[in-house]
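K.L.:
So that we are looking at the same thing, I have put the structure below in structure tokens.
What follows is calculated from the coordinates using simple rules that are stated; it is not laboratory data. Values in this document were obtained by computation on a predicted structure and should not be read as measured data. Here Cβ is always computed from backbone atoms with ideal geometry, including for glycine, and neighbour counts include all displayed protein chains.
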Amino acid sequence: MPASLFSVRRFTVIFSISWLLLMADHAALLYWFGLSVQDAVIDSVVSNVLLLMACLLVMNTIRYYVPGINQYMNVFCMCILLTIVWVVITKWLLSGAIDGDTYPAFLRKSLVIRGSIGFLVMGILTMVAIIWFNWQEQQKSEERKSDAERLAREAELFKLRQQLQPHFLFNSLNSINALIGIRPQEARKMVQQLSDFLRGTIKKEETQWVTLKEEMAYLQLYLDIEKVRFGNRLDTLIESDEESLEMKLPALLLQPIVENAIKFGLYDTIGATVIRITTSKQDGQLVISVCNPYDPETSTPRQGTGFGLKSVQRRLYLLFARSDLLSTEAKNDIFTTTVRIPDLPGGHRLS
Amino acid sequence: MNKVLIIDDEPLARSIVKEYLQQYPELDLVAECGDGFEGLKAIQQLQPSLIFLDIQMPKINGFEMLELVDNAPAVIFTTAFDEFAIKAFEAHAIDYLLKPFNQERFDKAIAKWKEQHSRQVVAKTDDLLETASLSPSQNQRVVVKNGSKIKIIPVHDIYYLEAADDYVKIHTSEGYFLKNKTMSHFEQALDQQQFVRAHRSYIVNIQHITRIDPYEKDNHVAVLRSGHKVPVSRGGYGKLKLVLGL
């Protein structure tokens, strides 16, 4: 935590300067009251070094034991007690250290003022310390909270991906099993495609950015496998303009959207299903649309923003802190899912 | 000859079953179907004694299709990954084959079926459906047969359900549909936060209730947005109040 270390150093500097000022002020005041320079300095140093020790004691206690709301009375009592002890020790030391005719009387008379000033300084410092340590504690707990949230998020994403994969994986293996018997060459090809696809899933990090070209190549593997599985029922139409292919987007973002479209399209209609994917650059943003046919009579609207899309929405929110990047539209028996990827300067783009 | 039917939406999944079936000349593969509608038609026309059935299929799933069949044949499920289904089958299906499966596993399933078939055990398909209909997808919709047509009713379109002898009347904006099930079946299968058994003979969709009026002594009546009135018993009123948070 370099930022917080810096704050601690800054705090120490301010604290030391304040203390030197207090000492100088103390000595100047005594000099003005008629003490010699030497006596004034000795008095100031002895009193304030002792006060500093008392204050450090209080601060350290608070640091390791931040008081709760109903314990402030104890802190208050501790301050009073320490002030009294401080005054007594100071008086004893000063009587021994400084000789003079008028000094003992002056010392005795000034005890009440010394005590109240000492109490004030200690009280203010204690308050500042309580606020400071409370704030630090809060920061730490917030950090912990965000850490915990991040971990939960990662686990959640991992789980989502794991839940989505098995169906696809086992069905693909089943298709390969069938192909081995009838068309071994195709089986071999599909094993290769499936391996490349799975390797892509394992290799890529959720946070990594890739060009649309790479993502589309990865998507093509997925589509090819699905085409083998569903035969001539599944057809795809991909339209990309050159400009958009060089743009970047978070890895593995499109596959769940296309998976959703395929499921939605294939399971909601009978006969051939055309999945259309169009990518373009609009106002500096990468815009990707995936269209699938659906049957408005039988599909419940809930299916539209199903499982896969929710996780995409969540990822987009985590990356861009925006929830308007994924939109869906159902019109003329065509369901369209559109994703917009903002052009982020620096940061993600560099990685 | 025993007639066999394969119902699966993936052509290669059908072809592997077909390949394994070649070991059994006594089993006659009469049809291959790519979805539940085709399957339903084929079952009724061809009256097979055994079907291989996938669960996830277009439009209506394997369970929903079976519900619509009168005198369902023996069923061996073929499925890739469905934890819930596996639990359901363990109790009642002849067998379930987890994709991908090999010839040996397939042979075991056939042997199981043959054994039951020779002992003239009546297929326990009804029991199977009772368990299977509690699967998540069927909380979302109800499939009914309306004459020769199949009607898929999303649950949020249901106004209320009414007991009618051996049937349940499902009231929707398009009139009512009959389903050969019990009230307690629907009470269990439907989301209980949305569907409340307001009366011994009525289950009401709370999303369609516009107000609840007192009716005679101790009784109430729920008035739906559509104008329908559904009787509410004393116990039902308590349940409604609980769900509506009154």
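K.L.:
Only one residue in A:Ala272, A:Ala217 is within 14 Å of chain B (Cβ to nearest Cβ), surrounded by fewer than 20 Cβ atoms within 10 Å (Cβ to Cβ) and of a type in the set (Gly, Ala, Ser). Which one?
P.N.:
Working: A:Ala217 fails: within 14 Å of chain B (Cβ to nearest Cβ).
Step by step, each of A:Ala272, A:Ala217 is checked, and only A:Ala272 is within 14 Å of chain B (Cβ to nearest Cβ), surrounded by fewer than 20 Cβ atoms within 10 Å (Cβ to Cβ) and of a type in the set (Gly, Ala, Ser).
K.L.:
I've got another one for you. If I ask for residues that are within 14 Å of another protein chain (Cβ to nearest Cβ) and in contact with a helix residue (DSSP H, G or I) (Cβ under 6 Å, 6 or more places away or on another chain), which ones from the range B:142-170 would you list? Before you say what the answer is, go through the steps one by one.
P.N.:
Going through the range B:142-170, the residues within 14 Å of another protein chain (Cβ to nearest Cβ) turn out to be B:142-144, B:146, B:149-158.
Of everything in the range B:142-170, just one residue is within 14 Å of another protein chain (Cβ to nearest Cβ) and in contact with a helix residue (DSSP H, G or I) (Cβ under 6 Å, 6 or more places away or on another chain), namely B:Val143.
K.L.:
Further question on the same structure: So B:Tyr159 clears everything in (1) over 25 Å from A:Glu297 (Cα atoms); (2) more than 18 Å from the chain's Cα centre (by Cα) except one condition, right? Which one?
P.N.:
Of everything listed in (1) over 25 Å from A:Glu297 (Cα atoms); (2) more than 18 Å from the chain's Cα centre (by Cα), B:Tyr159 misses just condition (1).
K.L.:
Do we have any residue at all in the range A:72-85 that's among the polar types (S, T, N, Q) and under 29 Å from A:Tyr31 (Cβ atoms)? It would help to see each step written out before you state the result.
P.N.:
Within the range A:72-85, the first condition is being among the polar types (S, T, N, Q), and the residues that meet it are A:74, A:83.
Checking which are under 29 Å from A:Tyr31 (Cβ atoms) leaves us with A:83.
Within the range A:72-85, one or more residues are among the polar types (S, T, N, Q) and under 29 Å from A:Tyr31 (Cβ atoms).
K.L.:
Further question: From the list B:Ala42, B:Ala31, B:Ala13, which residue is of a type in the set (Gly, Ala, Ser) and within 9 Å of chain A (Cβ to nearest Cβ)? First the steps, then the outcome.
P.N.:
Working: B:Ala42 fails: within 9 Å of chain A (Cβ to nearest Cβ); B:Ala31 fails: within 9 Å of chain A (Cβ to nearest Cβ).
Within the list B:Ala42, B:Ala31, B:Ala13, the selection yields B:Ala13.
K.L.:
Take the residues in the range B:58-78 that are polar (S, T, N, Q) and farther than 19 Å from B:Lys18 by Cα, then tell me which one is surrounded by the most Cβ atoms within 10 Å (Cβ to Cβ).
P.N.:
At the first step, the residues of the range B:58-78 found to be polar (S, T, N, Q) are B:61, B:71, B:78.
Now narrow it down to the ones that are farther than 19 Å from B:Lys18 by Cα: B:61, B:71.
On the way: B:Asn61: 24, B:Asn71: 10.
Top of the filtered list is B:Asn61.
K.L.:
Looking at the range A:170-187, I want the residues that are without any contact (Cβ under 8 Å) to a residue 40 or more places away in the chain and have a partner that is crowded, with 16+ Cβ neighbours inside 10 Å and among the hydroxyl-bearing types (Ser, Thr, Tyr) with Cβ atoms under 8 Å, at least 6 apart or on another chain. Which pairs are those?
P.N.:
Pairs that qualify, where the first residue is without any contact (Cβ under 8 Å) to a residue 40 or more places away in the chain and the partner is crowded, with 16+ Cβ neighbours inside 10 Å and among the hydroxyl-bearing types (Ser, Thr, Tyr), are A:Ala178/B:Ser15; A:Gly181/B:Ser15; A:Ile182/B:Ser15.
K.L.:
Being part of a helix (DSSP H, G or I) and either among the hydroxyl-bearing types (Ser, Thr, Tyr) or touching a strand residue (DSSP E or B) at 6+ places or on another chain (Cβ under 6 Å) (or both) is the filter here; which residues of the range A:263-288 pass it? Break it down stepwise before answering.
P.N.:
We begin by selecting, within the range A:263-288, every residue part of a helix (DSSP H, G or I); these are A:263-268.
Selection gives A:Phe264, A:Gly265, A:Leu266, A:Tyr267.
Matching residues to (1) closer than 21 Å to A:Ser141 by Cα; (2) part of a helix (DSSP H, G or I); (3) of a type outside the set (Asp, Glu); (4) without any contact (Cβ under 8 Å) to a residue 40 or more places away in the chain:
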residue: A:Val8; (1), (2), (3), (4): yes, yes, yes, yes
residue: A:Phe15; (1), (2), (3), (4): no, yes, yes, yes
residue: A:Ser18; (1), (2), (3), (4): no, yes, yes, yes
residue: A:Leu21; (1), (2), (3), (4): no, yes, yes, yes
residue: A:Ala24; (1), (2), (3), (4): no, yes, yes, yes
residue: A:Asp39; (1), (2), (3), (4): no, yes, no, no
residue: A:Leu51; (1), (2), (3), (4): no, yes, yes, no
residue: A:Arg63; (1), (2), (3), (4): yes, yes, yes, no
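K.L.:
Of all residues in the range A:166-214, which are crowded, with 19+ Cβ neighbours inside 10 Å and outside any helix (DSSP H, G or I)?
P.N.:
A:Trp209
K.L.:
A further question on this structure: So which residues in the range A:221-262 are away from chain B (no Cβ under 14 Å), touching a strand residue (DSSP E or B) at 6+ places or on another chain (Cβ under 8 Å), part of a helix (DSSP H, G or I) and not hydrophobic (A, V, I, L, M, F, W, C)?
P.N.:
The answer is A:Glu243, A:Ser244, A:Asn260.
K.L.:
Additional query: For the range A:275-298, enumerate the residues that are polar (S, T, N, Q) and either buried (at least 21 other Cβ atoms within 10 Å of the Cβ) or more than 14 Å from chain B (Cβ to nearest Cβ) (or both).
P.N.:
Keep residues of the range A:275-298 that are polar (S, T, N, Q), which gives A:278-280, A:282, A:285, A:289, A:292, A:298.
Of everything in the range A:275-298, those that are polar (S, T, N, Q) and either buried (at least 21 other Cβ atoms within 10 Å of the Cβ) or more than 14 Å from chain B (Cβ to nearest Cβ) (or both) turn out to be A:Thr278, A:Thr279, A:Ser280, A:Gln282, A:Gln285, A:Ser289, A:Asn292.
K.L.:
Quick check on A:Asn70: is it surrounded by 13 or more Cβ atoms within 10 Å (Cβ to Cβ) and not hydrophobic (A, V, I, L, M, F, W, C)? If you could, list the steps in order and put the result at the bottom.
P.N.:
Working: surrounded by 13 or more Cβ atoms within 10 Å (Cβ to Cβ): no; not hydrophobic (A, V, I, L, M, F, W, C): yes.
It is false that A:Asn70 is surrounded by 13 or more Cβ atoms within 10 Å (Cβ to Cβ) and not hydrophobic (A, V, I, L, M, F, W, C).
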